[in-house]
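Here's the structure we're looking at; comments come further down.
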Amino acid sequence: MKPIQVLLLVIVAVVATALVYLFSREEPSGQAAGAPAARTEAPATPREAPPQIEKPAEAPAEPERTSAAVTTDKEDDDEPETKLPIANTVVGRVVNTEDVGIANARVQLSRDALMGESIALVFFANREQTGLILETTTDAQGRYKFVGVEPARDYFVMATHPDYAQVQEEGLNVVRQGECRAPELVMREGSKLRGYVANVEGDALANAELYLDSAYNMGMELQSPDRLVAKTDNNGFYEFKNIAAGPRVLTCWSDGYARESIQTKMFTGDASDVHEQNFRLNIGNFIAGRVFGPQGEGIANAKVIAMNYGANTQSRGEALTDQDGAFQVDGLGVGAYIVTVQALGYRPQSHTRVQVGDLNVQIPMLKQAELSGRVVDASSGKPITKFKARLLQVAVGVPNQGNQLQYEVTHNNADPSPNGDGTFTLLGVNPGTYAIKVTASGYASRVSDSFQVVEGVTTAPITIQLTKGGSIKGRLIDPATGNGVVGAQISSFDGDAPGDQFDPFFENLTATRATERKIRTNDDGAFELKMLTAGRYRLKIDHPDFATEWVEGLNVTEEQTTDAGTLSLKSGGTLTGKVLEASGKPCARGWVRMYQVETGQMYQARTDAEGRYSIAHVRPGSYRVSATRASGAGVDAFDSLAEQQQTEFTIDLRDGQTAQRDLQLGN
């Protein structure tokens, strides 16, 4: 397994340890009895409304359902004139443990993690959330289908049904054209949580709302994508059924009462795992005040969050400021709170030990810097009116690679102003050393010279000149036939950056000065990557019938074409085998991963229902191979680390070789 993946797993494991410590502490609870309230599933809440996709028909032939494209976060993708139209389908089945299709299951498809520890892994990998979730329901045979999905290699797909625990599969590769078959989503019964909600006098509270969120949810937002919702019945009883494995945070709220959150126990996701949690809610209190800027001006639409952490519970509320900056946070329990404020263009602020009932909390905010600039054509000086500007932070204290600065990716982006003069503005910039990367159709990308942002000092406007750059051409052939290889994907990368920086885990953390572009070979196997900013490059070559190849040491010069020559692809090796549980039973839907330390190259595959796996077209070399169970199958981050260490072995694969190796978990 790659070092960065191990690091992220360790981070998640540490988070999980803290959660387990918190969750393992018992809180006194009374006996719950009576008819439980029906469970209500919370709908997905993307930043943009998901496309409406019609429900599949129950006839064997599935009707097509068109979905809106999910935007890619890639700065440079295929050149517009060489892009193939999106003509794909994503199909799959939702089944129970008896392989019977589950009808009317809700299926969600997104590049954002939807449940479990994947939420934390994506957060720590600095992946920008798309906020887009495609949704449909299964037909009578448990089948589903999406049409016209934006291509990407990192989709998550999740199924939800009231009779089963939620389940997610990850790493789904959606190609631009053709059918993409998702792994089966196997649903089973899950854990249960029930209890009773009353006020401090013991009176039952009907219609109280309860939310069950993933404790892996990072950041300030409490709601996780896999939130479950329940309400109390007329007698104050509630019940959650079919909870997936993992740690959860339970929040209870009723109108006029204090909102209370409980750090619950870990759920095993097993039908025999039953938990009980009762609430006695106090009358809600509030905190009010005003948020203002350096000149005393009120700041509108600032987000104010008040949080109080007890030994086993927490109380939390939030509000938005009005036009004058005034706010009031309701539904708070008795005690002292940490009040944090977030507002666009201002530094986040926190006030501690704010007591409930304080109606005059004054929160001054410091303005962050605003960066302005202009993008022009280098040859004509005319403004470029369509582009994307992204702020990069210069990595301080990191050794230069190939005499180049190292950049850390931020999520601070800007589009051109609507007046057509090529100007842009980046808001909310803290003091530091930065550069700006601009990408525009028809031009090579460009990274500006680095500059300093100093508090209280206005940064001069930055002009960025774009050129057509240079190009790299070449031809791919099949050594067995001598014919050109059609449809191979050629990707350009910085030739001076460390090899492991091209790992998908790194792509959202770091950036380079190079132009990252993709193109496919034509009917003769020829390609030409145009509009590359001058510099040193390496190319990655991918094709489903050949091993991945890297071409190093290609220098691009402005207005010149570099010839990579005729490149011969290898078929590669194949690794097959079975993965067994510690009991000797097949490990279904487990992961097998191959990692090459020298190049950072990784291959992975899922096992089938019999535990079998096959990884074909592996680049010749020495690899570390390991296996784990699927995330959510009673597996936490510590389990994954232990299983990889226990199963890891080293293998040398030659071109054309087929090797067979079985792995057993728990050895």
Largest first and in whole Å, give the semi-axes of segment 365-498's equivalent ellipsoid, each being the square root of 5 times a Cα gyration tensor eigenvalue. 34, 20, 12
Highest-first arrangement of 611-617, 239-245, where packing means the average Cβ count within 10 Å: 239-245, 611-617
How big is the charge dipole of segment 120-261 about its Cα centre, in debye rounded to the nearest 20, if each Lys and Arg gets +1 on its Cβ and each Asp and Glu gets -1 on its Cβ? 380
Net charge near Leu332: determine it from the other residues with C-beta under 11 Å of the C-beta of Leu332, scoring Lys and Arg +1 and Asp and Glu -1. -2
Would you work out what percent of the accessible area of segment 459-499, with all protein chains in place, is carbon or sulfur (probe 1.4 Å)? 52
Carbon/sulfur accessible area of segment 583-623, % of total, 1.4 Å probe, equals 49
Which entries in Lys386/Lys530; Lys145/Lys241; Lys241/Lys578; Lys386/Lys473; Lys530/Lys570 show an alpha-carbon gap greater than 30 Å? Lys241/Lys578
Any idea what diffusion coefficient segment 522-631 gets from Stokes-Einstein, in µm²/s, Kirkwood Rh on alpha carbon pairs, 20 °C, 1.002 mPa s? 129
For segment 341-400 and segment 585-623, compute the distance between their C-alpha centroids and round to whole Å. 42
Hey, what D do you get for segment 430-490 in µm²/s if you plug the Kirkwood alpha-carbon radius into Stokes-Einstein at 20 °C and 1.002 mPa s? 136
Beta carbons within 10 angstrom, averaged per residue: use that to sort the peptides 479-491, 551-563, highest first. 479-491, 551-563
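With the alpha-carbon atoms as the only input, what is the per residue convex hull volume for segment 171-305 in Å³?
188
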Along each of the three principal axes of the Cα atoms of segment 133-182, give the extent in whole Å, ordering the values from largest to smallest. 34, 21, 17
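The values are calculated or read from the model by the stated rules, or taken from the named source; none is laboratory data. Bear in mind the structure is a predicted one, so any value in this text is a computation, not a measurement. All Cβ positions, even for glycine, are placed from backbone atoms using ideal geometry, and neighbour counts span all protein chains on display. The area values use the complete protein model at the heavy-atom level, side chains included, leaving out ligands, DNA and RNA. Shrake-Rupley method; radii C 1.70, N 1.55, O 1.52, S 1.80 Å.
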